[in-house]
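What follows is a set of notes on a single structure, which appears directly below.
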Amino acid sequence: VVAYTLEMESVEVDESKVRRTKPDADESSHTHIPFPAVASLMSALAYRHAETAEHSARVADLCVAVGRSLMSVSEAYILEIAALLHDIGKIGVPDAILLKPGELTTEEWRVMKMNERIGVEIVGSAFYYEPLVDMIRLHKAPYDSRNEVTRLPMGDALPLGARILAIADAYDAMVTQRSYRKARLRDEAFCELRRCAGTQFDPDLVERFIEVVCDKPQLSQTSSDKMSRQTAVQMATQIEELARALDEQDLATIEALAGRLQATAACAGATEMESLAAKLNQSVTESDDASEIFELTIELMDLCRSAQRAAVATN
């Protein structure tokens with residue numbers, strides 16, 4: 001199902017080439033994850049517990065920044081979704097525990113752990129994509145579990161996304177103020193990550209994470225433009241398609257998506273988005289500078305992401 005546009009009237013389809021069955025898992029490395037569904041789950045989480053939704057958004061931004069240099073753009077998109085939804089199970093936690101101002105008891109932590117498993121089931125049922133589910137399911141698994149009784153994978157057998165998510169999740173938790181404890185300073189959090197490197201966390205990724213955070217203290221772009229949640233989510237749905245087009249170096253698709261975003265932003269009065277999309281469109285049509293096209297596309301994806309984050313937080 002797709003949204004109707006006037007351009008569809010001129011599209012001709014060769015019915016002999018239309019697939020009527022689901023492709024095999026090994027035919028494609030990409031599985032579509034509809035962003036409106038992700039946004040809906042995030043909205044539900046924000047309504048249930050705004051602090052958790054805000055934490056998840058920050059963790060997602062950290063994961064994207066770290067993963068961008070270590071995986072394909074499409075894989076980084078999957079990691080972003082995993083980070084956004086890694087705490088979705090908290091929507092089922094009772095208020096007495098979720099809103100408790102002090103530290104949790106052993107029994108309350110048991111309830112929290114149970115809802116972590118429920119969160120994995122929610123994501124698995126909603127999206128049917130094993131790499132996404134595994135990132136969430138395994139992000140709490142220790143990097144070195146030889147001293148523990150566990151059947152979980154360890155070391156580099158853990159998905160790369162899960163290892164990145166583990167570090168980003170722990171870091172944001174440490175540097176965020178809580179009613180029962182003060183936030184740690186950034187360097188204090190770095191020291192704790194290094195202390196746990198090799199046991200809880202991948203030591204190489206810890207150093208990479210620290211490097212990225214030091215180089216880019218402001219990981220999320222913020223837009224001064226105001227737009228409706230519907231428009232913001234519509235823009236955010238283009239992130240996945242831009243990621244796929246960028247990985248495949250599909251300039252025609254990048255140009256089409258940039259034009260669509262430019263038109264949508266113009267209607268919404270989102271001048272920053274409109275200007276950047278126009279610049280990308282011009283770069284694709286008039287320039288063969290691949291690095292410029294790559295950087296502009298990444299910047300446009302970040303702006304789409306920022307718009308969606310703001311919309312979910314305020315609706």
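Assuming R0 = 30 Å, can you tell me the calculated FRET efficiency for the pair ARG186 and GLU121, based on Cβ-Cβ distance, to the nearest 0.05?
0.30
Summing Lys, Arg as +1 and Asp, Glu as -1, what charge do residues with Cβ under 11 Å from the Cβ of ALA166 carry, ALA166 excluded?
That works out to 0.
With every protein chain left in place, what is the accessible area of MET174 in Å² (1.4 Å probe, nearest 10)?
30 Å²
Over all directions, how big on average is the projection of the convex hull of the alpha-carbon atoms in the range 42-139, in square nanometres?
Across all orientations, the range 42-139 yields a mean hull projection of 6.4 nm².
Could you sort THR106, THR237 by their accessible area in this structure, using a 1.4 Å probe and putting the largest first?
Sorted by accessible area, descending: THR106, THR237.
Tell me, what is the per residue accessible area of the range 65-205 in Å², probe radius 1.4 Å?
52 Å²
Can you list the HN-Hα couplings for the range 160-166, worked out from phi with the Karplus curve (6.51, -1.76, 1.60; θ = phi - 60°), rounded to whole Hz and with x for Gly and Pro?
With the stated coefficients, the range 160-166 comes to 4, x, 5, 5, 5, 4, 4 Hz.
Using a 1.4 angstrom probe and counting only protein chains, how large is the accessible area of SER72 in Å², to 10?
Near enough 40 Å² of accessible area.
Calculated FRET efficiency, ASP250 and LYS140, Cβ-Cβ r, R0 30 Å, to nearest 0.05?
The value I calculate is 0.25.
Got a sec to turn the phi values of the range 125-137 into Karplus ³J(HN,Hα) couplings, 6.51 cos²θ - 1.76 cosθ + 1.60 with θ = phi - 60°, whole Hz, x for Gly and Pro?
Karplus-based 3J(HN,Hα) across the range 125-137 equals 6, 7, 10, 6, 10, 4, x, 5, 5, 5, 4, 6, 5 Hz.
Give LYS90/LYS216; LYS113/LYS182; LYS113/LYS216 a once-over and call out the pairs whose C-alpha atoms are over 28 Å from each other.
Beyond 28 Å between Cα atoms: LYS90/LYS216; LYS113/LYS216.
Using the scaling law 2.2 N^0.38 Å as the reference, what is the normalised Cα Rg of the range 58-112?
The range 58-112 yields a ratio of 1.52.
Once you sort the root eigenvalues of the Cα gyration tensor of the range 107-210 as a ≥ b ≥ c, which label holds: rounded (a/c under 1.5), prolate (a/b larger than b/c) or oblate (the other case)?
Verdict is oblate for the range 107-210.
The values are calculated or read from the model by the stated rules, or taken from the named source; none is laboratory data. These numbers come from a predicted model, not from an experiment. Note that each Cβ is placed from the backbone with ideal geometry, even for glycine, and that neighbours are counted across all protein chains shown. Protein only, heavy atoms only, side chains kept; ligands, DNA and RNA dropped before computing areas. Shrake-Rupley method; radii C 1.70, N 1.55, O 1.52, S 1.80 Å.
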